[in-house]
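Trainee: One structure coming up, written as structure tokens, with questions to follow.
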Amino acid sequence: MKFPKRYLVVILTFICTSVCYIERVGFSIAYTFAADAAGVNQASKGTILSTFYYGYACSQVPGGWAAQKIGGRKVLLLSFVLWSATCALVPLDPNRVFVMVIARLLVGVAQGFIFPSIHTVLAQWVPPHERSRSVSLTTSGMYLGAAAGMLFLPSLVKYRGPQDVFLAEAALGAMWSLLWFKYASDPPRSEHPKATAAGFGESMLPINGSHKLKIENGGSSIRSAKIPWKRILLSLPVWAIVVNNFTFHYALYVLMNWLPTYFELGLQLSLQEMGSSKMLPYLNMFIFSNIGGVVADHLVTKRILSVTRTRKLLNTIGFIVASLALMAIPIFRTSSGAVLCSSVALGFLALGRAGFAVNHMDIAPRYAGIVMGVSNTAGTLAGIIGVDLTGKLLEAARSVDSSLSSPESWRLVFFIPGLLCIFSSLVFLLFSTGERIFD
């Protein structure tokens with residue numbers, strides 16, 4: 001049997017997200033090593049590490065617009081070439097702060113185009129009954145990439161130096177770009193009415209000006225290229241996605257950035273002694289993300305539940321279980337307990353992505369990249385807000401517990417994302433839909 005082209009496209013987008021997160025984790029590891037060796041203070045390190053997210057937040061909506069107008073396939077290739085070239089050409093010198101800030105802004109802006117473009121590509125290629133597992137597989141690449149980066153890149157820094165991490169990332173980016181250039185394409189144009197009715201294929205391709213489409217009676221209709229910005233921004237189902245994306249990334253970035261500190265200060269444990277166990281939360285996300293996608297498509301394909309009920313069910317289960325696990329983290333005073341709770345929290349958050357994260361393509365397959373850009377902007381801002389707010393909460397807690405070793409010092413840190421999960425699940429239950437609302 002011939003291997004379906006859409007499967008190859010999904011596999012390539014999976015590799016794409018993996019490489020992107022290897023780059024993010026790799027920069028953090030390499031820059032921290034170089035900055036510590038150069039005696040850079042914590043404030044300057046924080047500035048460089050956070051610069052990426054400002055560039056990333058700024059390019060989400062433009063990324064969706066560009067993917068809609070030019071085509072997600074082309075925008076994805078250009079963005080990958082840009083950030084790979086930046087990694088290859090910019091020297092890792094912590095003392096050249098201005099150069100590092102500009103470089104991280106460029107990488108952030110370039111990678112900000114990637115996820116809106118991916119959603120545009122998947123909306124074009126993947127039929128509705130395969131969307132959940134396709135998006136879940138693609139996004140699970142993020143978690144596998146983060147886990148792989150944490151496992152292998154510290155050794156590369158130790159034996160070859162931090163600059164070689166940049167070169168390795170650039171090489172991975174270049175290899176993926178060549179694969180995408182060679183094997184990716186737009187879906188074949190089809191006049192078949194079922195393709196348009198299903199919301200994928202030729203009808204999702206970028207439009208220049210007005211485009212005539214043949215219809216069954218032999219006449220023609222004009223399809224406008226105008227993007228309904230007002231309807232998108234005022235749509236309650238869109239805002240249900242935005243709220244849940246904000247919460248997902250708030251919890252994810254708080255755990256990514258502050259869980260190591262919790263282990264070292266809150267539990268008085270050494271990260272080196274924990275070995276590979278600190279990778280388990282990300283591996284759990286990879287597993288549960290794909291489980292959620294397979295379960296969602298099974299429920300929809302077998303007509304056990306409607307698309308709307310499927311999205312709401314998985315989103316609710318994921319976020320409610322995650323909220324309980326998040327709020328339980330300070331209760332456990334051992335490494336195994338904390339790893340278990342954080343693994344459950346991140347795993348079920350990933351399961352919930354089979355709800356809100358696929359919903360872009362349900363409600364607006366033609367504008368999936370734009371809706372993704374809007375919601376991912378909120379997600380990136382959530383990371384910036386969550387990481388900064390957590391630092392302020394811990395600094396305030398030092399007045400009571402200077403060592404930050406008591407559970408009370410950390411309770412608010414984990415209760416805030418836990419409560420946000422409950423709130424977001426209620427918003428999604430009330431306002432989301434699995435029906436197509438944008439033509």
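The values are calculated or read from the model by the stated rules, or taken from the named source; none is laboratory data. Here the structure is a predicted model, which is why all the values come from computation and not from measurement. A quick note on method: Cβ atoms are made from the backbone with ideal geometry, for glycine too, and the neighbour counts reach across all protein chains shown. Side chains are part of the model used for accessible areas, which takes the heavy atoms of the whole protein and leaves out ligands, DNA and RNA. Shrake-Rupley method; radii C 1.70, N 1.55, O 1.52, S 1.80 Å.
Trainee: Please find the FRET efficiency linking residue 233 to residue 2, where r is the Cβ-Cβ separation and R0 is fixed at 25 Å, and quote it to the nearest 0.05.
Mentor: Efficiency, rounded to the nearest 0.05: 0.05.
Trainee: Could you state the angle between the C-alpha long axis of helix 72-89 and the longest principal axis of the C-alpha atoms of the chain, as a value from 0 to 90 degrees rounded to the nearest 10?
Mentor: In the chain, helix 72-89 runs at an angle near 30 degrees to the longest axis.
Trainee: Magnitude of the Cβ-charge dipole of segment 20-172, K/R +1 and D/E -1, about the Cα centre, nearest 20 debye?
Mentor: Around 280 debye, computed over segment 20-172.
Trainee: Grab the Cα-Cα distance for residue 419 and residue 155, subtract it from 0.36 nm times how many residues apart they are, and report the gain in nm with one decimal.
Mentor: Result for the pair: 91.2 nm of gain on full extension.
Trainee: For the chain, modelled as a Gaussian network with Cα springs under 10 Å, which listed residue fluctuates most, 342, 409, 277?
Mentor: Result for the chain, Cα springs under 10 Å: 277 fluctuates most.
Trainee: Pop out the ³J(HN,Hα) list for segment 123-135 in order, Karplus 6.51 cos²θ - 1.76 cosθ + 1.60 with θ = phi - 60°, rounded to Hz; leave Gly and Pro as x.
Mentor: Going residue by residue, I get 5, 6, 9, 9, x, x, 6, 10, 5, 4, 6, 5, 5 Hz, with x marking Gly and Pro.
Trainee: Right, next: Compute the angle between helix 60-69 and the longest alpha-carbon principal axis of the chain, please, reported from 0 to 90 degrees and rounded to the nearest 10.
Mentor: The two axes meet at around 20 degrees.
Trainee: Please report, in debye to the nearest 20, how large the charge dipole of the chain is about its Cα centre when each Lys and Arg carries +1 at its beta carbon and each Asp and Glu carries -1 there.
Mentor: Once rounded to the nearest 20, the dipole reads 1340 debye.
Trainee: OK, next. Might you report the magnitude of the Cβ-based charge dipole of segment 230-438 about its Cα centre, with Lys and Arg at +1 and Asp and Glu at -1, to the nearest 20 debye?
Mentor: Computed about the Cα centre, the dipole is about 820 debye.
Trainee: Additional query: Leaving out ligands, DNA and RNA, and with a 1.4 Å probe, what % of the accessible surface on segment 230-438 is carbon or sulfur?
Mentor: So the carbon and sulfur contribution to the accessible surface is 69 percent.
Trainee: Related question: Over segment 1-157, give the accessible area per residue in Å² for a 1.4 Å probe, as an integer.
Mentor: For segment 1-157, the solvent-accessible area averages 37 Å² per residue.
Trainee: What's the extension gain from residue 167 to residue 406 if we count 0.36 nm per residue and subtract their Cα-Cα distance?
Mentor: 81.8 nm is the gain from fully extending residue 167 to residue 406.
Trainee: Let me ask something else. Starting from the residue with the highest accessible area, list 264, 169, 395 in decreasing order, probe 1.4 Å.
Mentor: In descending accessible area the options line up as 395, 264, 169.
Trainee: With r defined as the distance between the Cβ atoms of residue 302 and residue 429 and R0 fixed at 35 Å, what FRET efficiency is calculated, to the nearest 0.05?
Mentor: 0.95
Trainee: Can you give the net charge of the other residues whose Cβ lies under 14 Å from the Cβ of residue 384, counting K and R as +1 and D and E as -1?
Mentor: Cβ neighbours under 14 Å give a net charge of +1.
Trainee: Then there is this: Tell me, what is the per residue accessible area of segment 230-438 in Å², probe radius 1.4 Å?
Mentor: Dividing the accessible area of segment 230-438 by its residue count gives 39 Å².
Trainee: Can I ask one more? Mean separation of Cα pairs under 8 Å and 6+ residues apart, divided by the residue count of segment 1-192: what relative contact order is that in percent?
Mentor: Relative contact order for segment 1-192 comes out at 40 percent.
Trainee: With n ≥ 4 as the cut-off for DSSP H runs, can you work out [θ] at 222 nm for the chain, using -39500 (n - 2.57) per run divided by the number of residues, rounded to the nearest 500?
Mentor: Value at 222 nm, helices only: -25000 deg cm²/dmol.
Trainee: Across all directions of projection, what mean area in square nanometres is found for the Cα convex hull of the chain?
Mentor: The orientation-averaged projected area of the Cα hull of the chain comes to 21.8 nm².
Trainee: I would also like to ask the following. Which Cα, out of 323, 289, 253, lies furthest along the positive dipole direction of segment 230-438 (beta carbon charges, K/R +1, D/E -1)?
Mentor: So the residue furthest toward the plus end is 289.
Trainee: Still on this structure, I have one more. Return the ratio Rg/(2.2 N^0.38 Å) for segment 369-428, where Rg is computed over Cα atoms only.
Mentor: Output field value: 1.42.
Trainee: Turning to a different aspect of this structure: What relative contact order, as a whole-number percentage, does the chain give when Cα pairs under 8 Å and 6 or more residues apart are counted?
Mentor: The normalised contact order for the chain reaches 23 percent.
Trainee: Expressed as a whole number of Å, what is the distance separating the alpha-carbon centroids of segment 10-79 and segment 311-378?
Mentor: Taking the Cα centre of each part, segment 311-378 and segment 10-79 sit 21 Å apart.
Trainee: Next up: Considering only the other residues whose Cβ falls under 15 Å of the Cβ of residue 241, what net charge follows from Lys and Arg at +1 and Asp and Glu at -1?
Mentor: Surrounding charge for residue 241 is +4.
Trainee: Could you work out what % of the accessible surface of segment 30-168 is carbon and sulfur, using a 1.4 angstrom probe and leaving DNA, RNA and ligands out of the count?
Mentor: Summing carbon and sulfur atoms, their accessible area is 70 percent of the total for segment 30-168.
Trainee: Taking the dipole about the Cα centre of the chain, with the C-beta of Lys and Arg at +1 and of Asp and Glu at -1, give me whichever of 49, 8, 82 is farthest to the positive side.
Mentor: Checked the options; the winner is 8.
Trainee: Pulled fully out, how much extra length does the chain show between residue 182 and residue 101, if you take 0.36 nm times their separation in residues and subtract their Cα-Cα distance?
Mentor: Here the answer is 25.9 nm.
Trainee: Next question, about the same structure. Once the Cα atoms of helix 5-38 and of the chain are each reduced to a long axis, what angle between those two axes, in degrees from 0 to 90 to the nearest 10, is obtained?
Mentor: 20
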